[in-house]
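K.L.:
A single structure is presented below for examination.
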Amino acid sequence: MSLPDWMNALTVTMLPKPTGSGARLKGLGILISIAIAAAAIFALTHTLKNVDYNEVIAVVRRTNVGLIALAAMLVATSYGSLTLYDLLALRTIGRTEVPYRIAALASFTSYPIAHGVGAVSLISPIIRYRIYSHSGLGAFDVANICFLTGLTFWLGNLTALGFGLMYAPDAISVVDLLPPRANQWLAAALLLGVVSFLVWCWSSPRNIGTRRWPVRLPSGPVVLLQIVIGIFDLGAAALAMYVLIPAGPSIGIFPIAAVFIAATLLGFASHTPAGIGVFDATFLIGLGGDNKEPLIAALLMFRLLYHFLPFVLALGLFGSVEGWRSWRAGRNS
């Protein structure tokens, strides 16, 4: 039974069979992901010992409804900024005729579903193709969009991580076991790398890739905008977590933001569904002391607002759009 044409196109474009050094790098990446996940699960199992789960539930119940509503608004703001990732990518590849509503639909359906399943490189291109193909975009266009949205994600995250390491090196030291001064040097290296890329793109139009898959990089001003949007996205999500943590632990916003960013990146690198286990272990180790129950309660509420609800909404929205398009196609045939 042959695959549909659109799936064949995505297989060729997005999932080329690696050879030589490419295959070795892919294998190394898989081993690193497994190692991160295994270490996180081990650390999380140790961290959750002697936790009073009745107290965790009590903390959730005591959390002010207004704070939960504020966190939900911040989560919505974060997902709203994610839609600009796709819009910038469309403008970069010259597809200005695609309206914002289509970019927002592709963004909101692809991100929660792909991250929720844990197969971003496979699921995200397929969902985007299903959305964008009705606007005349082909598999190569979708491949470029996926690359450019990933670039926005990493530019924003690495910049935010650099600032977090610079201003709260002690919080990250608990996670990476490096002295605070080394973390600040690492922060300087990250920020220097981002600035160098920005200057490189600003000097003249840049293109990378191969003759078969050419990729046009965004201009310098667009790269700067990507960085700002990425920081805004992460900032809104980190602030949502911050407002859910009870006042008792008295943890500052900068340590929370720094650990949150590190947890997000490690969760993404592990390829586990929604970074489960990895994100949680990093967050609890980075911020947790003896009083872990308030942090676990905040994590549970945050996961409900940031991962579970958007995942369910995105699945329902994508299914509705696919069903409506199939019904319309059958009616017009």
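The values are calculated or read from the model by the stated rules, or taken from the named source; none is laboratory data. Quick caveat: nothing in here was measured; it's all calculated off a predicted structure. All Cβ positions, even for glycine, are placed from backbone atoms using ideal geometry, and neighbour counts span all protein chains on display.
K.L.:
Here's a check for you: in the range 174-186, which residue that is in a helix (DSSP H, G or I) and at pLDDT 80 or above is surrounded by the fewest Cβ atoms within 10 Å (Cβ to Cβ)? Talk me through it step by step, then tell me what you get.
P.N.:
As a first pass, look at the range 174-186 and keep what is in a helix (DSSP H, G or I): 174-176, 180-186.
If we keep only those that are at pLDDT 80 or above too, we end up with 180-186.
On the way: P180: 14, R181: 10, A182: 15, N183: 22, Q184: 17, W185: 15, L186: 18.
For the range 174-186, the residue satisfying everything is R181.
K.L.:
(1) more than 30 Å from V65 (Cβ to Cβ); (2) modelled with pLDDT under 85; (3) of a type in the set (S, T, Y): which one isn't true of T282, the others all being true?
P.N.:
Here T282 clears every test but (1).
K.L.:
What do you reckon, is L122 closer than 26 Å to P214 by Cβ and either assigned to a helix (DSSP H, G or I) or touching a Phe, Trp or Tyr at 6+ places or on another chain (Cβ under 9 Å) (or both)?
P.N.:
Values: closer than 26 Å to P214 by Cβ: yes; either assigned to a helix (DSSP H, G or I) or touching a Phe, Trp or Tyr at 6+ places or on another chain (Cβ under 9 Å) (or both): yes.
The answer is yes for L122.
K.L.:
Answer yes or no: is there a residue in the range 224-242 that is part of a helix (DSSP H, G or I), surrounded by fewer than 15 Cβ atoms within 10 Å (Cβ to Cβ), without any contact (Cβ under 8 Å) to a residue 60 or more places away in the chain and over 18 Å from the mean Cα position of the chain (by Cα).
P.N.:
Scanning the range 224-242 turns up no residue that is part of a helix (DSSP H, G or I), surrounded by fewer than 15 Cβ atoms within 10 Å (Cβ to Cβ), without any contact (Cβ under 8 Å) to a residue 60 or more places away in the chain and over 18 Å from the mean Cα position of the chain (by Cα).
K.L.:
Another question, then. V215 passes all but one of (1) assigned to a helix (DSSP H, G or I); (2) in contact (Cβ under 8 Å) with a residue 60 or more places away in the chain; which number fails?
P.N.:
Status for V215: all satisfied but (1).
K.L.:
Against the definition (in a strand (DSSP E or B) and without any contact (Cβ under 8 Å) to a residue 60 or more places away in the chain), how does I145 come out, yes or no?
P.N.:
Details: in a strand (DSSP E or B): no; without any contact (Cβ under 8 Å) to a residue 60 or more places away in the chain: yes.
So I145 fails the test.
K.L.:
Please work out which one of (1) surrounded by fewer than 18 Cβ atoms within 10 Å (Cβ to Cβ); (2) touching a residue at least 60 places away in the same chain (Cβ under 8 Å); (3) aliphatic (A, V, I, L, M) is the condition A189 fails and give its number.
P.N.:
(2)
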